[in-house]
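Q: Pasting a structure below so you can have a look.
The values are calculated or read from the model by the stated rules, or taken from the named source; none is laboratory data. Quick caveat, the model's predicted, so the values are computed rather than measured. FYI the Cβ positions are ideal-geometry reconstructions off the backbone, even for glycines, and counts take in every protein chain you see. When the accessible area is computed, the model is the full protein with side chains, heavy atoms only, and any ligands, DNA or RNA have been set aside. Shrake-Rupley method; radii C 1.70, N 1.55, O 1.52, S 1.80 Å.
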Amino acid sequence: MTSPFVAIRRELHKIPEPGFAEFKTQQFLLSFIAQLPQEHLEVTTWKTGVLVKVNGTSPKRMLAWRADMDGLPIEEETSYDFHSQHQGYMHACGHDLHMAIGLGILSEFAKSPAEDDLLFVFQPAEEGPGGAEPMLASPEFRCYQPDAIFALHIAPEYPVGTIAMKEGVFFANTSELFIEVKGKGGHAAYPHLANDMVVVAAQLVTQLQTIVARNVNPLDAGVITVGKIEGGTKQNIIAEVARLEGTIRTLSQDSMRKIKQRIEAIVQGIETGFDCEATIDYGAMYCQVYNDPELSKRFMSWLDRQDDVTLVRCTEAMTGEDFGYFLAEIPGFLFWLGVDTPYGLHHAKLEPNEQAIEHAIEIITRFFRQYENAMSNENN
């Protein structure tokens with residue numbers, strides 16, 4: 001028999017939506033929450049997000065749990081019979097599982113509150129343009145003052161029953177990268193009368209790849225990926241405009257600054273060398289996910305004492321996550337949840353093992369109920 005929160009995940013999987021356009025998703029969440037016991041709940045909306053406070057029985061603190069909501073512009077290629085109903089969009093990063101887990105934990109505490117106040121944060125636009133930073137600054141969120149905040153992210157490479165994490169820097173600083181170059185179009189037979197931006201784009205890609213290899217400290221880490229190039233209109237027309245779209249990821253803010261300085265110098269040289277115009281747009285930028293060292297160590301120590309969890313103390317990842325903005329202001333942590341699938345995040349065939357949903361609900365519910373004891377010095 002399918003568990004209720006697996007069924008919820010499947011319903012959410014059908015309606016992936018872009019950031020700040022999660023209208024159906026928000027309505028689904030609100031409809032579900034309205035069916036829960038309301039005695040201890042306070043429900044607020046912010047844009048397409050949802051905030052739910054569960055008032056504790058004798059609160060000493062407020063703990064927050066965050067789940068992201070948006071989908072990705074990917075055409076689904078799974079074997080599911082609950083395929084995405086929104087053409088060109090898919091929950092390819094597991095946000096459908098994140099929300100189902102969040103609703104499962106919320107349901108437990110709506111029926112039987114913990115001692116502490118709990119705040120459930122359903123956040124839009126994690127994939128872009130970035131919902132965490134503006135949500136954090138909003139009056140709706142500011143009226144709550146969580147003492148700690150937590151989240152998870154599914155991890156295809158780990159089996160169900162596994163939680164992987166580390167203290168300190170966990171996910172990278174990230175920045176989008178858009179470069180547009182403009183020259184002079186013309187006939188393919190007369191290249192000397194034109195200024196070919198496809199050639200310029202090719203040179204740019206090559207030069208950008210030297211930055212990490214030759215300008216970033218090899219003991220640090222950085223990535224520059226150009227994931228998309230557009231240029232030209234027809235095979236016998238010299239392209240007047242070309243556009244590169246990519247991403248920058250670093251494990252230190254200093255390396256991010258140096259990489260951007262180097263990109264700007266290279267682009268300036270391209271303008272001079274190829275007699276063209278170029279513009280750079282860094283788009284959305286996410287700060288690093290920094291897991292509070294003390295809270296993370298105590299949580300991992302608590303996990304070590306749980307019979308139904310396998311803890312992996314992993315290394316940092318070059319993944320980007322705007323949950324980092326919450327952690328920059330509120331102590332807390334994010335961890336990987338094993339979902340055991342051969343296809344990686346953002347893949348059109350991603351099919352997470354749904355047994356991870358109930359496992360996560362059980363573990364996090366237990367953690368919140370045992371928070372005082374779990375995070376005490378005596379148990380570490």
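Q: If only one of 138, 79, 84 is in the same structural domain as residue 350 (by the TED database), crowded, with 21+ Cβ neighbours inside 10 Å, polar (S, T, N, Q) and out of contact with any Leu (no Cβ under 6 Å at 6 or more places or on another chain), which one is it? Please lay out each step first, then the result.
A: Values: 138 fails: crowded, with 21+ Cβ neighbours inside 10 Å; 79 fails: crowded, with 21+ Cβ neighbours inside 10 Å.
Unique residue meeting the criteria: 84.
Q: Another one. When the range 180-235 is examined, which residues are found to be surrounded by fewer than 17 Cβ atoms within 10 Å (Cβ to Cβ), among the basic types (Lys, Arg) and not in a loop (DSSP other than H, G, I, E, B)?
A: 184, 214, 228
Q: Continuing with the same structure: Limited to the range 300-349, what total is found for residues that are over 17 Å from the mean Cα position of the chain (by Cα) and in a strand (DSSP E or B)?
A: Count: 4.
Q: Of all the residues that make up the range 265-293, how many are touching a helix residue (DSSP H, G or I) at 6+ places or on another chain (Cβ under 8 Å) and polar (S, T, N, Q)?
A: Residues in the range 265-293 being touching a helix residue (DSSP H, G or I) at 6+ places or on another chain (Cβ under 8 Å) and polar (S, T, N, Q): 2 in total.
Q: Can I ask one more? Please specify each residue of the range 105-129 satisfying the condition of being surrounded by fewer than 22 Cβ atoms within 10 Å (Cβ to Cβ) and either in contact with an Asp or Glu (Cβ under 7 Å, 6 or more places away or on another chain) or modelled with pLDDT under 95 (or both).
A: Within the range 105-129, 128, 129 meet the criteria.
To keep it simple, each residue is scored yes or no on (1) touching a residue at least 24 places away in the same chain (Cβ under 8 Å); (2) among the acidic types (Asp, Glu); (3) within 28 Å of residue 134 (Cβ to Cβ); (4) not in a helix (DSSP H, G or I).
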residue	(1), (2), (3), (4)
245	yes, yes, yes, yes
249	yes, no, yes, yes
256	yes, no, yes, no
261	no, no, yes, no
265	no, no, no, no
268	no, no, no, no
272	no, no, no, no
279	yes, no, yes, yes
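Residue-wise test of (1) surrounded by 16 or more Cβ atoms within 10 Å (Cβ to Cβ); (2) small (Gly, Ala, Ser).
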{"residue": "343", "(1), (2)": "no, no"}
{"residue": "360", "(1), (2)": "yes, yes"}
{"residue": "365", "(1), (2)": "yes, no"}
{"residue": "368", "(1), (2)": "yes, no"}
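Q: Of all residues in the range 30-56, how many are closer than 30 Å to residue 79 by Cβ and either open to solvent by 20 Å² or more (accessible area, probe 1.4 Å) or touching a Leu at 6+ places or on another chain (Cβ under 7 Å) (or both)?
A: If we filter the range 30-56 for residues that are closer than 30 Å to residue 79 by Cβ, which is where we start, we get 31-32, 48.
Next, from what is left, pick out any that are either open to solvent by 20 Å² or more (accessible area, probe 1.4 Å) or touching a Leu at 6+ places or on another chain (Cβ under 7 Å) (or both): 31-32.
Final tally of qualifying residues: 2.
Q: Also, quick follow-up: If only one of 374, 348, 356, 317 is surrounded by fewer than 18 Cβ atoms within 10 Å (Cβ to Cβ), of a type outside the set (D, E, K, R) and more than 15 Å from residue 65 (Cα to Cα), which one is it? Can you show your working first?
A: Numbers: 374 fails: surrounded by fewer than 18 Cβ atoms within 10 Å (Cβ to Cβ); 356 fails: surrounded by fewer than 18 Cβ atoms within 10 Å (Cβ to Cβ); 317 fails: surrounded by fewer than 18 Cβ atoms within 10 Å (Cβ to Cβ).
Result: 348 is the single residue among 374, 348, 356, 317 that is surrounded by fewer than 18 Cβ atoms within 10 Å (Cβ to Cβ), of a type outside the set (D, E, K, R) and more than 15 Å from residue 65 (Cα to Cα).
Q: Then there's this: I'd like to check something: does the range 192-212 contain any residue that is more than 23 Å from residue 319 (Cα to Cα) and charged (D, E, K, R)?
A: yes
Q: Out of the range 236-246, which residues are open to solvent by less than 30 Å² (accessible area, probe 1.4 Å) and more than 15 Å from residue 199 (Cβ to Cβ)? Even if it seems obvious, please write down each step before you answer.
A: Initially, the range 236-246 is screened for residues open to solvent by less than 30 Å² (accessible area, probe 1.4 Å), giving 238-239, 242, 244, 246.
Once the filter is applied, which keeps residues that are open to solvent by less than 30 Å² (accessible area, probe 1.4 Å) and more than 15 Å from residue 199 (Cβ to Cβ), the range 236-246 yields only 246.
Q: Then there is this: Mind listing just one residue for me: the one in the range 134-179 that is aromatic (Phe, Trp, Tyr) and assigned to a strand (DSSP E or B) and, of those, nearest to the chain's Cα centre (by Cα)?
A: Just the residues of the range 134-179 that are aromatic (Phe, Trp, Tyr), to begin with: 141, 144, 150, 158, 170-171, 178.
From what is left, the residues that are assigned to a strand (DSSP E or B) are 150, 170-171, 178.
Working: 150: 14, 170: 13, 171: 10, 178: 20 Å.
Once the filter is applied, the top-ranked residue is 171.
Q: Right, another one. Out of the range 83-98, which residues are farther than 18 Å from residue 343 by Cα and in contact with an Asp or Glu (Cβ under 9 Å, 6 or more places away or on another chain)?
A: Going residue by residue through the range 83-98, those that are farther than 18 Å from residue 343 by Cα are 85-88.
86, 87, 88, listed by residue number.
Q: Can you tell me how many residues in the range 243-269 are over 24 Å from the mean Cα position of the chain (by Cα) and over 18 Å from residue 214 (Cα atoms)?
A: Residues flagged as over 24 Å from the mean Cα position of the chain (by Cα) and over 18 Å from residue 214 (Cα atoms) within the range 243-269 amount to 2.
Q: Test each condition in (1) modelled with pLDDT of 95 or more; (2) open to solvent by less than 60 Å² (accessible area, probe 1.4 Å); (3) in contact with a helix residue (DSSP H, G or I) (Cβ under 8 Å, 6 or more places away or on another chain) for residue 146 and report the one that comes out false.
A: Single failed check for residue 146: (3).
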